[in-house]
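Written below as structure tokens is the structure these notes are about.
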Amino acid sequence: MRARTWLPILVSLAFSQSIFGQVPSSANLFPLYLKVQLDRSVKLSSLKPGDVVEGNLARDVYSADRRILPSGSHARLTVDHVERRRKAASNRWPWAVRIFAPRYEKFPFFKEAAVSTPEGTESLLRVSVISAGNRAEVHAQSSKRPKRDEEKDAMMSAAAADLSGRADTQSSRDRSQRSLGLIMSLEARQEGNDAAVGKGEHVNASSARAITLPAGTACRVLLLNRVSASKSRAGDAVQARLLEPVVMGEDMALPVGSLFEGAVLKAKPPRWLSRAGSLSFTFSRVILPDGAWFPMSASLTGVEINRGSHTRIDAEGRLQGDRPGFAWMLINGGVTAGLAKETDDGTQLLIEAILSSATDASTAGTARIAGTVVSGIFMLTRHGRDVILPDFTDMNITLTRPLTLSLQATSSLRLPNR
């Protein structure tokens, strides 16, 4: 009876494999992530269906243990259609400006991308845009140094910028931020079979032994869920996907697609008196594509953000909103002056309408006090900059403790069914 019961199942499995081919490997379960450097002259909001956008890959593209597209490969994308979408949140301007700024924008969508490698091969990929815009890479700041050293570094950087002819010089406070230009990140899948994938460069698979990654090992990951100082709370889950394999000697320790899981440690939202928010999170375990997981500890050391976002990372990996700059304070000061003037005039007119015997001279003092109170409350209740990391944010994390990966122990470390 048991043989008769299992026979139809085995036949159906064999038939399904003959129809649909072999069961896909874990390498095919994860999409490819492309990072394309576009020309600065491209204006995404002005693109129309049929327009062609060209650029170069800003980094290598990996699939599991293979590099399939090298950095510098030429990418050609054709606009399929344009949609109206909501603008991403930003901490660049105060509330007084954001309330009048347009909340929606025209955004181009692409379906296919033709990527040509320097060797002359070409791959056709099905793509979807996950983010685009002028980007800047922010790195963790080292411990504070003497003020004299900071002034010396500022003078040297200013002189170098003058010699190179760059218009966008960075001040000493922006040493940890590097402009990347117009970057488009895409999620891609290959057309047809995986023949092109097989032509990539292999990274040697790790042998059946323990591999220990030392503290300080860097990992390039993609954030899978949005976190922010104003919305996130301590304990909220944080997930990220590994974009580049981590190699130890000649062995591949962590393949592309490995999942990093962690949690928000502390989130402090923006507060009154223009105090900025702060956010810190850590990763506590890594899950390999085959389901095995290992405890770990890693913190943030770098992140890609929109250019103009005033966010920095301290030596402990904590994200902090920058202090209000001159433009920020000037805008808030102008709004405060306008509120004081309108409150002064409105209070004076109201008193004169209620009391027929009131004159401008008798009501001036009361109106001036009312204007001062309103403007003072407005300034006191202004919140500082928020810290916002949208989903699909490119990040660098670094191991804070050694990570030992033992292939023999994976069977006992399988994750429970979810």
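Tabulated data
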item: Enumeration of residues in the range 259-294 that are among the β-branched types (Val, Ile, Thr) and farther than 23 Å from ILE313 by Cβ; result: ILE287
item: Failed criterion for LEU222 (all others in (1) without any contact (Cβ under 8 Å) to a residue 24 or more places away in the chain; (2) crowded, with 19+ Cβ neighbours inside 10 Å hold); result: (1)
item: Residue satisfying all of: in the range 224-257; more than 30 Å from TRP272 (Cα to Cα) and touching a Pro at 6+ places or on another chain (Cβ under 7 Å); modelled with the lowest pLDDT among these; result: MET252
item: Cross-chain or 6+ apart pairs with Cβ under 6 Å, the range 264-281 first and among the charged types (D, E, K, R), then not in a loop (DSSP other than H, G, I, E, B); result: LYS266/SER280; LYS268/SER278
item: So ARG318, is it touching a strand residue (DSSP E or B) at 6+ places or on another chain (Cβ under 8 Å), surrounded by 16 or more Cβ atoms within 10 Å (Cβ to Cβ) and over 19 Å from PRO402 (Cβ atoms); result: yes
item: Among the candidates LYS111, LYS106, LYS35, residue that is crowded, with 19+ Cβ neighbours inside 10 Å, at pLDDT 80 or above and touching a Lys or Arg at 6+ places or on another chain (Cβ under 8 Å); result: LYS35
item: Selection within the range 61-71 - surrounded by fewer than 21 Cβ atoms within 10 Å (Cβ to Cβ) and within 20 Å of ALA132 (Cβ to Cβ); result: SER71
item: Some residue of the range 316-337 being more than 30 Å from GLU261 (Cα to Cα), at pLDDT 75 or above and polar (S, T, N, Q); result: no
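The rows are residues; the columns are (1) at pLDDT below 75; (2) closer than 30 Å to LEU222 by Cα; (3) among the charged types (D, E, K, R); (4) surrounded by 14 or more Cβ atoms within 10 Å (Cβ to Cβ).
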{"position": "ALA340", "(1), (2), (3), (4)": "yes, no, no, yes"}
{"position": "GLU352", "(1), (2), (3), (4)": "yes, no, yes, yes"}
{"position": "ALA361", "(1), (2), (3), (4)": "yes, no, no, no"}
{"position": "ARG368", "(1), (2), (3), (4)": "yes, no, yes, yes"}
{"position": "ILE377", "(1), (2), (3), (4)": "no, no, no, no"}
{"position": "ARG414", "(1), (2), (3), (4)": "yes, yes, yes, no"}
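The values are calculated or read from the model by the stated rules, or taken from the named source; none is laboratory data. Note that the structure is predicted; figures quoted are calculated from it, not measured. In this analysis, Cβ positions are derived from the backbone assuming ideal geometry, glycine residues included, and neighbour counts consider all displayed protein chains.
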